[in-house]
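**Q** After the structure tokens below, expect a handful of questions from me.
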Amino acid sequence: MNDDLRELYQEVILDHNKRPLNYGPLPDSNHDANGRNPLCGDHITLHVRVEDGRIADVSFEGEGCAISRASASMMTEAVKGRTVSEADTIFQQFHDLVTGTRELTAEELDGMGKLAVFAGVHDYPARVKCASLAWHTLNAAIAGSDQPVTTE
Ligand code: ZN
């Protein structure tokens, strides 16, 4: 990773950790799930309101490291207003990006906006689970799973 991207990565993570978006309860949610990452101690509760196959609103609560909180904050921002299937596509791309499973096309990276800085997680393999916790929890919430999600 070049120095510019590394700097942007740190800046974005710190900023979202300090001032997370969509943080707090969501009284009219209709899909909720809990997720935890025992390796780091992150835990998150996700609230989603799905209307006509679209994520009308989403929020999160929980405690964790800066990366898990920043990722949850940015995830909620990225999927709000999207259809469930669009959110799933973003999740797949995000997953490929942080795990390095597949090189994303320039167009895909463009479409991800600031989420693309999470490519920085590559440099810290233990952090991949912190970065993907919120996304796995979103999947579980939408699937209606009652089982808490764990990254283990
Ligand atoms: Zn963490």
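The values are calculated or read from the model by the stated rules, or taken from the named source; none is laboratory data. Here the structure is a predicted model, which means the values were calculated and not measured. We place every Cβ from the backbone using ideal geometry, glycine too, and count neighbours over all the protein chains shown. Side chains included, ligands, DNA and RNA excluded: accessible areas come from the protein's heavy atoms. Shrake-Rupley method; radii C 1.70, N 1.55, O 1.52, S 1.80 Å.
**Q** Cβ contacts < 9 Å: first residue more than 11 Å from residue 130 (Cα to Cα) and open to solvent by less than 10 Å² (accessible area, probe 1.4 Å), restricted to the range 48-74; second residue assigned to a strand (DSSP E or B) and of a type in the set (Gly, Ala, Ser), any location; separation 6+ or different chain. Result?
**A** Cβ pairs passing all conditions: 48/33; 48/56; 48/59.
**Q** On to the next question. In the range 22-47, which residues are out of contact with any Leu (no Cβ under 7 Å at 6 or more places or on another chain) and buried (at least 17 other Cβ atoms within 10 Å of the Cβ)? It would help to see each step written out before you state the result.
**A** We begin by selecting, within the range 22-47, every residue out of contact with any Leu (no Cβ under 7 Å at 6 or more places or on another chain); these are 22-31, 34, 36, 38-41, 43, 45.
Within the range 22-47, 22, 26, 29, 31, 34, 36, 40, 43, 45 qualify.
**Q** For the range 114-152, which positions are more than 16 Å from the ligand (Cβ to nearest atom) and over 30 Å from residue 3 (Cα atoms)? Spell out the reasoning first.
**A** Filtering the range 114-152 down to residues more than 16 Å from the ligand (Cβ to nearest atom) leaves 114-117, 119, 138-148.
The answer is 138, 139, 140, 141, 142, 143, 144, 145, 146, 147, 148.
**Q** Listed residues 134, 87, 141, 116; which is open to solvent by 20 Å² or more (accessible area, probe 1.4 Å) and either within 21 Å of residue 22 (Cβ to Cβ) or in a helix (DSSP H, G or I) (or both)? Reasoning before the result, please.
**A** Details: 134 fails: open to solvent by 20 Å² or more (accessible area, probe 1.4 Å); 87 fails: open to solvent by 20 Å² or more (accessible area, probe 1.4 Å); 141 fails: open to solvent by 20 Å² or more (accessible area, probe 1.4 Å).
None of the others qualify; the one that does is 116.
**Q** Next question. When you scan the range 55-69, do you find a residue that is more than 16 Å from the ligand (Cβ to nearest atom) and among the polar types (S, T, N, Q), even just one?
**A** Within the range 55-69, the subset more than 16 Å from the ligand (Cβ to nearest atom) is 55-59.
Checking which are among the polar types (S, T, N, Q) leaves us with 59.
Yes, the range 55-69 has at least one match.
**Q** Follow-up question, since we're still on this one. Please state which one of 30, 22, 37 is within 16 Å of the ligand (Cβ to nearest atom) and not β-branched (Val, Ile, Thr). Walk me through how you get there before you give the answer.
**A** On the way: 30 fails: within 16 Å of the ligand (Cβ to nearest atom); 22 fails: within 16 Å of the ligand (Cβ to nearest atom).
Among 30, 22, 37, only 37 is within 16 Å of the ligand (Cβ to nearest atom) and not β-branched (Val, Ile, Thr).
**Q** Looking at 14, 26, 21, can you tell me which residue is outside any helix (DSSP H, G or I) and either in contact (Cβ under 8 Å) with a residue 40 or more places away in the chain or not aliphatic (A, V, I, L, M) (or both)? Even if it seems obvious, please write down each step before you answer.
**A** Values: 14 fails: outside any helix (DSSP H, G or I); 26 fails: either in contact (Cβ under 8 Å) with a residue 40 or more places away in the chain or not aliphatic (A, V, I, L, M) (or both).
Going through 14, 26, 21 in turn, just one is outside any helix (DSSP H, G or I) and either in contact (Cβ under 8 Å) with a residue 40 or more places away in the chain or not aliphatic (A, V, I, L, M) (or both): 21.
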